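Below is one structure; the comments refer to it alone.
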Amino acid sequence: NPTPALLAIVLAASPAFAQSAAVDPAKLKAIPERMQKFVDDGELAGAVTVVGRADGVLALDAVGFANLETKSPMDKNSLFRIASMTKPMTCLAVMMLADEGKLNPDDPVEKYLPEFKGQMVVAAKDKDSVTLKKPSRPIQIRDLMTHTSGLPTYPAGIADVYSKRNRTLADTTLVISQRPLDFEPGSKWSYCNPGIDTLGRIVEVVSGESFAAFMQKRLFDPLKMSDTTFFPTPEQAKRIPVCYGQGKDGKLAPSTGMVVDYVADGKHPIPAGGLFSTAADVASLYRCLLNKGQLDGKRVISEKALAEMTKVQTGDLTAGFTNGMAFGYGFAVVKTPTGVTEMLSPGSFGHGGAFGTQSWADPGQDLFCILLIQRTGLKNGDASEMRKELQRLAVAAIKK
């Protein structure tokens, strides 16, 4: 194993890594050691972690296994189901169009999707009947980006669209537009996959391109995110780790019937959670975010639009999956650091995914942390001990 001094020289000499003199390499080394403990304890099969700053990656590590049965080791280039980490990227696409003056977050959704005209909201219901009324205002694009639209979940018969990818975004948004709202737009925070999918359809209508094509051209290609895709090729699929949950005996076992899984091609890209990506690709995105919307001379979004996305947009509404959180446009935002976010600065932002993945940026400390795992059955991925430990050790490594 390299000494801390040698590791510091290696990191500083590599153009792929940040040259941050204040970083303690020995403390960075504690991150894979701690993740290995989760593997040894049977909590995880394997993990890939990244710690970085605006100017580059400080540490990229892989531990454990991609497949416990074959003992295939986890690789730094493994391709992960990042699930809802897709959501902020979808909102980035929306705000790119806002930058061009082609839409505004305050616009009603029905301006671009006429099928949403005449929506109703549930006024009262009991076991025998439902009373509907006209909402006080129509859903706005901002409501979709902040999970305050009131849109319900997908109905039976279309809810399996995520696993089958067998319907278009036009199909799913038409269905959801005809369902009554659960509450008045803007009055409550309620995490909403159909709302984010609807944003994807708005991108298609406004841009004139398929959602997947728009994302490829406007986000993935400029940031050189060459392994980020809604539909992995068969060759890429070989790098997808097995997803594990805990069996009845408490030991890790392959998960079955997952909401989102590998499909080589399909009609539905799932703007709310369909992406696969690698540690290096997600790191490129978060470097771009810490550089206020640009990376290596290529700007993908204006500084002003990104500032709107990463500030509190939900006011005093209770939002997010851990205490002290709020929501911006697609991003969860740390309002009051506490618990799993206690080591982060107010204004830190990011998002997790259904299989335990996490990605968070802390502009106040010029830091980002990425945790890529494939684990079902966690009580709360956003509050996981894995996430907390990664952030704790990362912050300790950059503290003078």
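The values are calculated or read from the model by the stated rules, or taken from the named source; none is laboratory data. Computed from a predicted model, the values in this text were never measured in an experiment. Cβ sites come from the backbone with ideal geometry, for glycine too, and all protein chains shown count toward neighbours. Heads up: the accessible areas ignore ligands, DNA and RNA and are worked out on the full protein's heavy atoms, side chains in. Shrake-Rupley method; radii C 1.70, N 1.55, O 1.52, S 1.80 Å.
Listed values, structure above:
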| quantity | calculated |
| --- | --- |
| With every protein chain in place, the chain: carbon and sulfur % of accessible area (1.4 Å) | 52 percent |
| 20 Å tail of the calculated P(r), the range 149-279, as % of Cα pairs | 53 percent |
| Note, ³J(HN,Hα) from phi for the range 112-129, Karplus 6.51, -1.76, 1.60, rounded to Hz, x at Gly and Pro | 10, 10, x, 4, 7, 5, x, 4, 10, 10, 5, 8, 6, 7, 9, 5, 10, 8 |
| Residues of the range 241-400: accessible area per residue with a 1.4 Å probe, Å² | 38 Å² |
| Surrounding net charge for residue 321, when Lys and Arg each add one and Asp and Glu each subtract one, Cβ distance under 14 Å | +4 |
| Longest segment of the chain lacking GluC sites (Glu not before Pro) that sit in a DSSP loop with at most 15 other Cβ atoms within 10 Å | 210-341 |
| Label-reachable residues, the range 211-243, where backbone N falls under 11 Å from a point 7 Å from residue 171's Cα toward its Cβ | none |
| Estimated FRET transfer efficiency (residue 323, residue 399; beta-carbon r; R0 25 Å; 0.05) | 0.60 |
| C-alpha long axis of helix 193-207 to longest principal axis of the chain, angle in ° | 80 degrees |
| Shape metrics for the range 59-193, restricted to C-alpha atoms - Rg then Dmax, Å | 19.4, 58 |
| Fraction in percent of alpha-carbon pairs per bin - 20 Å, the chain | 28, 58, 13, 0 |
| On Cα atoms only, tilt of 25-40 relative to the major axis of the chain in degrees | 70 degrees |
| Degrees between helix 4-13 axis and first principal axis of the chain (Cα, 0 to 90, nearest 10) | 60 degrees |
| Spatial extent of the range 60-124: Rg and Dmax, with the Cα atoms as the point set, Å | 21.1, 56 |
| Protection proxy ranking of 295-302, 154-161, 328-335, 120-127 - average other beta-carbon atoms within 10 Å, highest first | 328-335, 295-302, 154-161, 120-127 |
| Whichever lysines have a C-alpha closer than 17 Å to that of residue 125, once near sequence neighbours (fewer than 8 apart) are set aside | 133, 134 |
